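Structure first, then comments.
The values are calculated or read from the model by the stated rules, or taken from the named source; none is laboratory data. Source: prediction; values computed, not measured. Ideal geometry is used to build each Cβ from the backbone, glycine not excepted, and the neighbour counts take in all protein chains shown. All accessible areas refer to the heavy atoms of the entire protein, side chains included, with ligands and DNA or RNA removed. Shrake-Rupley method; radii C 1.70, N 1.55, O 1.52, S 1.80 Å.
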There are 2 protein chains.
Amino acid sequence: MIKPLPKSSKNSLSVREKTYSLLKKQILTGQFPPKKKLTEESLAKKFGVSRTPVRDALHKLELEGLVKVAGARGFCVPEDSVEDMSEIFEIRAVLEGHALACVCKIITDKDIQSLKELVQSAEQAFFRGKLEHIFDYNTRFHDLLYGMLVSQKPRLFSIIEDMREYVLRYRKNTLTHPKGIRRSISGHKKILMALELRDPQLCERIMRNHIYEAKEDTILYSK
Amino acid sequence: MIKPLPKSSKNSLSVREKTYSLLKKQILTGQFPPKKKLTEESLAKKFGVSRTPVRDALHKLELEGLVKVAGARGFCVPEDSVEDMSEIFEIRAVLEGHALACVCKIITDKDIQSLKELVQSAEQAFFRGKLEHIFDYNTRFHDLLYGMLVSQKPRLFSIIEDMREYVLRYRKNTLTHPKGIRRSISGHKKILMALELRDPQLCERIMRNHIYEAKEDTILYSK
DNA sequence: GGCAAAAACATTGTATCCAAAAATATTATA
DNA sequence: TATAATATTTTTGGATACAATGTTTTTGCC
């Protein structure tokens, strides 16, 4: 017998969702000069949609801190601020420290192996001078790591994702500096070690430290 | 000479903001049965506004986890789930632990004194059997504590606020049980002690523990 | 009566409209 | 010319209209 159909999962994104992710991407890749006012009308024209989905997107992005209200009216991309970035990294350190402690309780040997391979690939890319690949390996390392949390701790996962996304644009600078790369790779090795020991407290400490290092480097190299 | 005017700060809330907080309040006080579909139209009629601000409010509340998409269409208040609540408390433990460590670096003796008075008031209310006041003292204790963070760590503050708000409805039960109250008050005393010592790491440990206790009690007494 | 197709209905998504508010330009006056 | 009052334009907030898409009910067939 044929089953009663998988309930037609909607595969086409709504205009709102498309507008939202497009706008977000453009903001994260620095397409809008900070402080410049974003008007609904012009964005709507740019994306070929009406003001409604643009408004929705702007409001959602405001909650994420990617745009903020400009004076009494309208939105703009906020200026980069060290304090702001610092705070985000601090929150990340605390949350991801906890997340790694959770992960170490459920991770399999196989997953650890995959992570190891990613670190090795990053290291090889570094030695071969392929600095532009390192950012990707880095991202995949973290994605694989936290992907294990999605089902058990969906909220923790999504807050972490938001925060990482937010600082992504700054990180791109850091991870082209040899010193930043070396620190990052050695940090990942320590993480692997802590995971292999399945020691939650150690995991937490190591991850916190890893992110504090990332914070330092990001502040250093974004100037 | 008269100054060029303080730029007329808007004091009247927009319809959207009013709708949002009204709906939120009603959800948090359990006015909508879980799983029942919330339709924009009916809410709009109920609040005497159009669908637009209701839609905005629903989308915002979705991000906070106070409503979730129901099937392919519309929203509903999610059912209480122990896993969900547990996760929130865990995140709170981690974030508020960090927050207290931050607070202990900037808190004044005067603020510590105010906190002490709040704890004493709560204790007296407990001895006098005024259980219904304890919840308020509790809230004021936390408000005063984290209020010190607003300017320096606005994001940390607002995440913590969201999480606390989210579990508020469950806490109300807990804090009418004598055992829960006793644990809560003794937790606050420990927090004060750690603050007086200005020991960040101790602060973090104590606060984490305090919130884990709250989690246990909440799960226990909400059944 | 039970099931499937289709029609009717309900509800959301998107666009547009209008009014209120703010920013900007213009004019009058000193 | 500088400033203040006022008119004009821009832009947003909120309501409404309409289209698209689910959902439910009805109807016809076996």
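Across the cross-link table entries A:LYS25/A:LYS46; A:LYS68/B:LYS60; A:LYS116/A:LYS179; B:LYS153/B:LYS179; A:LYS105/A:LYS190; A:LYS36/B:LYS24, which are compared at the Cα atoms, the separations over 24 Å belong to B:LYS153/B:LYS179; A:LYS36/B:LYS24.
Dipole magnitude for the protein assembly as shown: computed about the Cα centre from +1 point charges on Lys and Arg Cβ and -1 point charges on Asp and Glu Cβ, it is near 1300 debye. A point 7 Å from Cα along Cα→Cβ stands in for B:LYS116, and the other copies hold the same point at 5.7 nm, listed in rising order.
Between helix B:154-174 and chain B there is an angle of about 90 degrees, using the helix long axis and the longest principal axis of the Cα atoms.
For a test of the definition: using alpha carbon positions, the gyration tensor, and the 1.5 limit on a/c, classify chain B as rounded, prolate or oblate.
Working: a/c = 1.99, a/b = 1.32, b/c = 1.51.
It comes out oblate by the Cα gyration axes.
Put a plus charge on the Cβ of each Lys and Arg, a minus charge on the Cβ of each Asp and Glu, and nothing anywhere else: the dipole of the range A:82-221 about its Cα centre is then about 340 debye.
Whole-Hz Karplus values for the range A:113-130 come out as 4, 4, 4, 4, 5, 5, 5, 4, 4, 4, 5, 5, 4, 5, 5, 8, x, 7 Hz, taken residue by residue from phi with 6.51 cos²θ - 1.76 cosθ + 1.60 and θ = phi - 60°; glycine and proline positions read x. Summary for A:THR52: label point 7 Å along Cα→Cβ; distances to the equivalent points in the other copies, ascending, 1.1 nm.
Summing -39500 (n - 2.57) over the DSSP H runs of n ≥ 4 in the protein assembly as shown and dividing by its residue number, what mean residue ellipticity at 222 nm do you reach, to the nearest 500 deg cm²/dmol? Spell out each step's value before the answer.
Numbers: 18 runs with 320 residues, N = 446.
Result for the protein assembly as shown, helices only: -24000 deg cm²/dmol.
Loop only by DSSP, 10 or fewer other Cβ within 10 Å of the Cβ. Give me the GluC sites (Glu not before Pro) in the range B:35-85 that pass, ordered by residue number.
Those that pass, being in a loop and sparsely packed, are B:GLU79.
Protein heavy-atom surface of the range B:1-132, 1.4 angstrom probe: 54% of the accessible area is carbon and sulfur, with nucleic acids and ligands not counted. The separation of the range A:123-163 from the range B:135-155, counted between C-alpha centres, amounts to 34 Å. With angles folded into 0 to 90 degrees, how steeply does helix B:82-106 sit against the dominant principal axis of chain B? Use alpha carbons for both and round to 10. So the helix axis and the longest Cα principal axis differ by about 50 degrees. The residues A:ARG169, B:ARG128, B:ARG140, sorted by heavy-atom accessible surface at 1.4 Å with ligands and nucleic acids left out, run B:ARG128, B:ARG140, A:ARG169 from largest to smallest. What is the protein assembly as shown by shape, rounded, prolate or oblate, if you read a ≥ b ≥ c off the alpha carbon gyration tensor as root eigenvalues and call it rounded for a/c under 1.5, prolate for a/b larger than b/c, and oblate otherwise? Since a/c stays below 1.5, the shape of the protein assembly as shown is classed as rounded.
Between helix A:200-221 and chain A there is an angle of about 60 degrees, using the helix long axis and the longest principal axis of the Cα atoms. I'd like the distance between the alpha-carbon centres of the range A:40-104 and the range A:209-223, rounded to an integer number of Å. Computed from Cα coordinates, the inter-centre distance equals 21 Å.
Applying the criteria of a DSSP loop state and at most 16 other Cβ atoms within 10 Å to the trypsin sites (Lys or Arg not before Pro) of the range B:30-105 yields B:LYS35, B:LYS36, B:ARG73.
Mind running the shape call on the range A:6-100? Use the C-alpha gyration tensor, a ≥ b ≥ c as the square roots of the eigenvalues: rounded below 1.5 for a/c, prolate if a/b tops b/c, oblate otherwise.
On the way: a/c = 2.57, a/b = 1.16, b/c = 2.21.
Cα axes put the range A:6-100 in the oblate bin.
With all protein chains kept in place, the per residue accessible area of chain A amounts to 55 square angstrom at a probe of 1.4 angstrom. Simple rule: put +1 on each Lys or Arg Cβ and -1 on each Asp or Glu Cβ in the range A:15-76, find the dipole, and look at A:GLY74, A:VAL54, A:SER42; the Cα lying farthest toward the positive end is A:SER42. Plainly put, the tip 7 Å out from Cα toward Cβ on A:TYR221 is 5.1 nm from that tip on each other copy, the closest given first.
Before we go on, tell me the buried accessible area for the A/B pair, both chains summed, 1.4 Å probe, in Å² to the nearest 100. Summing both chains' loss of accessible area gives about 2300 Å².
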